[in-house]
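The values are calculated or read from the model by the stated rules, or taken from the named source; none is laboratory data. Quick caveat: nothing in here was measured; it's all calculated off a predicted structure. Glycine gets a Cβ as well: all are built from the backbone with ideal geometry, and neighbour counts include every protein chain shown.
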Amino acid sequence: AQSVTQLDSQVPVFEEAPVELRCNYSSSVSVYLFWYVQYPNQGLQLLLKYLSGSTLVESINGFEAEFNKSQTSFHLRKPSVHISDTAEYFCAVSDFTGGATNKLIFGTGTLLAVQP
Amino acid sequence: GAVVSQHPSWVICKSGTSVKIECRSLDFQATTMFWYRQFPKQSLMLMATSNEGSKATYEQGVEKDKFLINHASLTLSTLTVTSAHPEDSSFYICSARNRAESPLHFGNGTRLTVT
């Protein structure tokens, strides 16, 4: 079974400052890793994913995450945040043994609060 | 592509009544859909895996007689909260993937309030 730990429930940061949201996972098998973003009263939107290949993955809006197998981490970073980045961010993991039926297990989420 | 539509976006019902929530994959076929529940300021908890043409697989602790799931077609799964109580008030979100290796695509969720 997999599990995901997001140690920071809330991360306050000033606009244009860099930010890192931490994510660690536990699994006995190889995994896929994801970051999703949730705005208030909405569903989740995929931010970026790691399936295989390059360990550094990037999103279209400036976020990036690096898969570190030895540290079992998939931290999310952005060099300069905007007010509009304020949202809840969820790290998630699934294995790839069951194909389309693979469950996605979520961390507890981190609220990124960007202040002017 | 890969759009998941959920309806209604919010619903208020009286205690003891039943509520049906629909989840549709608009531009792909989904043999499997997932239903999650989210309490305020908490993470998403997987409730069940909905399988087209067969019974849903429920996670431990989820009452299958209370949360009825029907996946009658490759594009539609429904979650019915039966005999709703105030403690069932929550945000329910469905999701599906269009290919085995693709990420899950989520609906916009349904806010259920039971009075």
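Of the residues making up the range A:28-71, those that are touching a strand residue (DSSP E or B) at 6+ places or on another chain (Cβ under 8 Å), surrounded by fewer than 17 Cβ atoms within 10 Å (Cβ to Cβ) and among the β-branched types (V, I, T) are A:V29, A:T55. Restricting attention to the range A:73-112, the residues being more than 24 Å from B:E59 (Cβ to Cβ) and either of a type in the set (F, W, Y) or away from every other protein chain (no Cβ under 12 Å) (or both) number 15.
For the range B:29-76, the candidate set comprises residues that are at pLDDT below 90, among the aliphatic types (A, V, I, L, M) and part of a strand (DSSP E or B); within that set, the residue that is nearest to A:Y36 (Cα to Cα) is B:L44.
Residue count for the range A:32-52, restricted to those that are farther than 15 Å from A:L76 by Cα and facing chain B (nearest Cβ under 7 Å): 5. Check the range B:1-14 and report whether any residue there is more than 8 Å from chain A (Cβ to nearest Cβ) and more than 23 Å from A:N41 (Cα to Cα). No; the residues of the range B:1-14 include none that is more than 8 Å from chain A (Cβ to nearest Cβ) and more than 23 Å from A:N41 (Cα to Cα). Out of the range B:4-28, which residues are over 15 Å from the mean Cα position of the chain (by Cα) and either at pLDDT below 95 or in a loop (DSSP other than H, G, I, E, B) (or both)? B:K14, B:S15, B:G16, B:T17, B:L26, B:D27, B:F28, listed by residue number.
Please work out which residue is nearest to the other protein chains (Cβ to nearest Cβ), limiting yourself to the range B:23-41 and to residues that are surrounded by fewer than 16 Cβ atoms within 10 Å (Cβ to Cβ) and closer than 22 Å to B:P103 by Cα.
Filtering first and then ranking leaves B:Q29.
The listed residues are A:L51, A:L56, A:L44, and the only one of them that is under 26 Å from B:Y92 (Cα atoms) and over 11 Å from the mean Cα position of the chain (by Cα) turns out to be A:L44. Just one of the numbered conditions (1) part of a strand (DSSP E or B); (2) within 14 Å of another protein chain (Cβ to nearest Cβ); (3) not charged (D, E, K, R) is not true of B:L79: (2). Taken over the range B:76-99, the criterion of being farther than 22 Å from B:T115 by Cα and more than 13 Å from the chain's Cα centre (by Cα) is satisfied by B:R97, B:N98, B:R99.
Looking at B:N108, is it assigned to a strand (DSSP E or B) and either surrounded by fewer than 22 Cβ atoms within 10 Å (Cβ to Cβ) or within 13 Å of the chain's Cα centre (by Cα) (or both)? Taking the combined requirement at face value, the residue does not satisfy it. Checking each residue in the range A:30-43 for being at pLDDT 80 or above and farther than 19 Å from A:V57 by Cα picks out A:Q38, A:Y39, A:P40, A:Q42, A:G43. State all residues of the range B:42-76 that are away from every other protein chain (no Cβ under 11 Å), within 29 Å of A:L111 (Cα to Cα) and of a type in the set (V, I, T); if no residue qualifies, say none. Scanning the range B:42-76 gives a single hit, B:V62.
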